[in-house]
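S.K.: Okay, handing you the structure first.
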Amino acid sequence: MALTREQISSLTSRKLAEKAQSLKSIKAMVGLDGFVDEIIAVVDKRHDGGKFDPIKTIDRFGAKISACAGESSNYELVVKQRKLGGNGPIMANALASMGLEVTYVGNLGYPNLDPVFEDFARKAKVISIAEPGHTDALEFDDGKLMLGKHETLHDVNWDNLLSRVGRDNLKKLMDGAHLIGMVNWTMLPNMSRIWAKLLDEIIPNSERHQRKLFIDLADPEKRTHGDILDALKLLTRFQDQVDVILGLNLKESLEVADVLGLPGKSDPEAAIEENARAIREKLNVSCVVIHPRRSAAAASESASARFSGPFVQQPKISTGAGDHFNAGFCLGTLLGFSLEESLCTGVATSGYYVRTAQSPTAVQLAEFVAKLPPPQA
């Protein structure tokens, strides 16, 4: 008999609490991007005393922009927070906050770290190979617009990786990691070449399938179908050496399904578990997980599952929610949780983060899961 959402949450909470003190024995290596994020509100109306009404929705902002076509207009941007950004640093910071031993390799400032990453560098071992990118994250009630400056991302390449990390050190880090995370393929133009080089020169060792490799393509819409397909073929090659977990949001899952020639669905969000199974089978990887805003689903070779997330009407922050889900799901997987329990850990990590704008410790996460808020009605 299937367990209820409440029973899964209770079981997951107990397991997290039991494992909290042992997480420091789990090693994770994550990379390869790095951004400075500015979380921004767009002003609609200004009032006295420095108060303002923000534009609440992307639809409203889009209408205002469309209305000024052929004319000119200006928009005031209010920076609410300056923080570390990039899929990799946010995911790695979440894993380090939970207590894992994390090494991060990416573009966080070179030769010196950008100050925004200094707190992160106190939680994790950081090896930076280039200057960070920059993102203006315009947040609205119904989503966010990420406006990026990406010139420095070209410096995240194989030559810099070898010269600034060292071939022997890179192999040692990857061989010793229980989890390898390589994310933001879309924005890193040299990532596919890095993957191919890793497959040929670094990843192979005698302990096949003792490591998990988490991949997040990160909104591949702007890349060609050919580029996306080539990247997906590399994931199938990785599976020969490590257990590959492919993480996708709803939009990304539709793009990947289209590239793979899988049939579309009339209600894609309702079909996330079915789509996770289809994508995993087509790629022949260990696991595919899809996480829309309201729920998440995952499929492995032997099972599939779906779990509803904890709804919040007014999140404190939304940028980085998906990266926190990824950290939580990977944590559950590393601890040997079932798919349902790993999904619960994922949505709870994201749910805690959007409510508090902070990454939870393992103890805080266990407490939050024990009283997991209800899903969206």
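The values are calculated or read from the model by the stated rules, or taken from the named source; none is laboratory data. None of these values were measured; they are calculated from a predicted model. When we count neighbours, we look across all protein chains shown, and the Cβ atoms used for this are built from the backbone with ideal geometry, even at glycine. Surface accessibility is based on the protein's heavy atoms, side chains included, excluding ligands, DNA and RNA. Shrake-Rupley method; radii C 1.70, N 1.55, O 1.52, S 1.80 Å.
S.K.: Rg and Dmax in Å for the chain, alpha carbons only: what are they?
M.R.: Rg, Dmax (Cα atoms, Å): 20.3, 67.
S.K.: For region 77-201, report the accessible area per residue in Å² (1.4 Å probe, heavy atoms, rounded to an integer). Working shown, then result.
M.R.: On the way: 5050 Å² over 125 residues.
I get 40 Å² per residue for region 77-201.
S.K.: For the chain, what % of the accessible area comes from carbon and sulfur atoms, probe 1.4 Å? The partial results should precede the final answer.
M.R.: Values: 8170 of 16860 Å².
Roughly 48 percent of what the probe reaches on the chain is carbon or sulfur.
S.K.: Take Arg164, Arg293, Arg208, Arg5 and sort them by solvent-accessible surface of the protein heavy atoms, 1.4 Å probe, largest at the top.
M.R.: Highest to lowest solvent-accessible surface, that is Arg293, Arg208, Arg164, Arg5.
S.K.: Right, next: Based on the mean of other Cβ atoms within 10 Å per residue, sort peptides 329-335, 173-179 so the most packed one is first. Walk me through the intermediate numbers first.
M.R.: Details: 329-335: 24.7, 173-179: 18.6.
Sorting 329-335, 173-179 by mean packing, highest first, produces 329-335, 173-179.
S.K.: Separate question: Heavy-atom accessible area of Lys83 with all protein chains present, probe 1.4 Å, nearest 10 Å²?
M.R.: It works out to around 20 Å².
S.K.: Same structure, new question: Show me, bin by bin at 5 Å from 0, the whole-percent P(r) of region 240-377 based on Cα pairs.
M.R.: Pairs per bin, as whole percents: 2, 11, 22, 23, 19, 13, 7, 3, 0.
S.K.: Once phi is turned into θ = phi - 60°, what whole-Hz ³J(HN,Hα) does the Karplus curve with 6.51, -1.76 and 1.60 give for every residue of region 252-258, x standing for Gly and Pro?
M.R.: 3J(HN,Hα) across region 252-258, in whole Hz: 5, 5, 5, 5, 5, 4, 5.
S.K.: Using a 1.4 angstrom probe and counting only protein chains, how large is the accessible area of Phe337 in Å², to 10?
M.R.: Phe337 exposes around 20 Å² with every protein chain in place.
S.K.: What shape does region 242-299 take by its C-alpha gyration tensor, where a ≥ b ≥ c are the square roots of the eigenvalues and a/c under 1.5 counts as rounded, a/b above b/c as prolate, and the rest as oblate?
M.R.: Values: a/c = 1.86, a/b = 1.23, b/c = 1.51.
Verdict is oblate for region 242-299.
S.K.: Turning to a different aspect of this structure: Which order do you get for His154, His291 if you rank them by accessible area with a 1.4 Å probe, largest at the top?
M.R.: On the way: His154 110, His291 25 Å².
So, going from the largest accessible area down, we get His154, His291.
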